[in-house]
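Quick notes on the structure that follows.
Throughout, read-outs are computed from the coordinates displayed, never taken from laboratory work. Since the model is a prediction, treat every value here as computed from it, not as a measurement. Neighbour counts are summed over all protein chains in view; Cβ atoms, including those assigned to glycine, are modelled from backbone coordinates with ideal geometry.
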Amino acid sequence: MSRAALLVLADGRFPAGGHAHSGGAEAAVRAGRITSAADLADFCRGRLQTTGLVAAALAAAAALGHDPAELDAAADARTPSPALRVAARKLGRQLMRAARATWPTAELDTVARAFPKGAHQPVVLGLTARAAGLGPEDAAHCAAYESVSGPATATVRLLGLDPFDATGVLARLAPELDGVVERAVSAARLAAVDGVDALPAASAPLLEIGAEAHAAWPVRLFAS
Amino acid sequence: MHLDHSHHTTPAPSADAHRPDGRRRALRIGLGGPVGSGKTATVAALCRALREEFSLAVVTNDIYTREDAEFLLREAVLPPERITAVETGACPHTAIRDDISANLEAVEDLEDAVGPLDLVLVESGGDNLTATFSKGLVDAQIFVIDVAGGDDIPRKGGPGVTTADLLVVNKTDLAPYVGSDLGRMAADAKAARGELPVVLQSLRSETGASEVAAWVRARLAAWTA
């Protein structure tokens, strides 16, 4: 694997549309659940252990070569909120565009044709990692990190939170994030034998409910 | 992998002048500029001037979601299915320059839904003087400032003022009321831009956006030639 390719894919400036999404942080800020760096840490920990774990496992499975259509259906089954499904497919479509321009492969072209309106973002992320010559651990690390870095930067914009504090939150979550990646990759390897039911299905009801409410707001800064 | 080959069979992005089926895609013109300078009003005027001659669509980039798109819908300058809003996550310049994916998707969806299109106008959210469009998103860009924002803006320059394909100085009817010197603005713009064109307009006058519309027509003629 190329460590530098991993940095390119994990870079927050990789142009795949993520900057317009808050990962549920905007809804949580409005509801008063995030008001400080300490709240942000709690929010990110919850998101990492639920959405983050599921996304990391889907990405790892895709990077291992699991059937993308099956993984996409598994992602749907693990995403009760229609608004979050829409957001995940939008982001998947945007990532697919960036991936095909950055690491063009026949496999990406095939999946893009099969999902013209986008597959779930973590599945596309795993395929992108594969196209970049990266492995399941790399894909899972990217997915897990994105699950918390998005809310952290969004909170800096929404609350004027000190950016050093927000980055400190991410740094202190790093060991936990490594643990989530380990579980995600084990589950993905198991899914290669036992099928997608072996993938984790941890859910965060407040994120799902918050996303539905957020999608109905007439005025908001972030798309989700 | 063939990272050193820029050509591959199904081009994913962006600046490619053709649709996947080989047809020439619509010309894409960006309109940027500071908050309140009259971007949306100019877009509305352009739609009214050009909609009988060309197949048009508009993408808006609002800071707070759909405000500009809703203005265009209320004004009924185009049928609603020809107007799309992109949400920009508090960073309008990112969505038109650094990460254009959501805008490219909006343009493609419009072509799929109501195409073939001749022209797509992409309006940025109100931003600062440094906000410019990526060449991967638009083929030409118009920067809109206004006399009430201060007559020193052309002299201050910045990428929008100096490099946009067309600079529009809007609301000239307000100049006497805000103490702006139109002659000075035009001279400063000329000094900053060299041969690049400048239009001074008032949308409340008889001529409205006709000069800008003529410039767009010329662009379209060159695009389809």
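What the table below lists for this structure:
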item: Helix-derived mean residue ellipticity, 222 nm - over chain B, DSSP H n ≥ 4, -39500 (n - 2.57), to 500; result: -9500 deg cm²/dmol
item: Amide H within-cut-off set for B:Lys135, under 5 Å, with H built and near neighbours excluded; result: none
item: Ascending count of other beta-carbon atoms within 10 Å, so fewest first, for A:His66, B:His93; result: B:His93, A:His66
item: Contact order normalised by residue count of chain A, Cα under 8 Å, 6+ apart, percent; result: 38 percent
item: 13 Å beta-carbon shell around B:Gly158, net charge (K/R +1, D/E -1); result: 0
item: Equivalent ellipsoid, chain B (semi-axes from 5 times Cα gyration tensor eigenvalues, Å); result: 29, 19, 17
item: Built amide H within the under 5 Å cut-off of B:Val199, gap 5+; result: B:Leu167, B:Val168, B:Val169
item: Of all DSSP beta bridges in the protein assembly as shown, antiparallel share, percent nearest 5; result: 5 percent
item: Karplus-derived 3J(HN,Hα), 6.51/-1.76/1.60, for each residue of region A:199-209, Hz, glycine and proline x; result: 6, x, 10, 5, 10, 10, x, 5, 5, 5, 5
item: Normalised per residue, the volume of the convex hull around the Cα set of the protein assembly as shown (Å³); result: 152 Å³
item: Charge dipole (region A:65-224, unit charges on Cβ, about Cα centre) - positive-most of A:His141, A:Ala187, A:Pro68; result: A:Pro68
item: 3J(HN,Hα) from dihedral phi, region B:103-110, Karplus parametrisation 6.51/-1.76/1.60, rounded to Hz, x for glycine, proline; result: 5, 4, 5, 4, 5, 5, 5, 5
item: Kirkwood hydrodynamic radius over Cα pairs of chain A, then Stokes diffusion coefficient at 10 °C and 1.306 mPa s, in µm²/s; result: 93 µm²/s
item: Length-normalised contact order for region B:110-225 - Cα pairs under 8 Å, 6+ apart - percent; result: 23 percent
item: Using alpha-carbon coordinates, inclination of helix B:210-224 to the longest axis of chain B, degrees; result: 30 degrees
item: Long-range amide H partners of B:Ala140 with built H, under 5 Å; result: B:Arg28, B:Gly30
item: Order of A:Tyr145, B:Tyr177 - criterion: other Cβ atoms within 10 Å of each residue's Cβ, fewest first; result: B:Tyr177, A:Tyr145
item: Net +/- balance of residues flanking B:Val114 in space, Cβ distance below 10 Å, scoring K and R +1, D and E -1; result: -3
item: Order of A:Lys90, B:Lys156 under a 10 Å beta carbon neighbour criterion, fewest first; result: B:Lys156, A:Lys90
item: Sum of side-chain charges, B:Asn170 neighbourhood, beta-carbon under 14 Å (Lys, Arg +1; Asp, Glu -1); result: -2
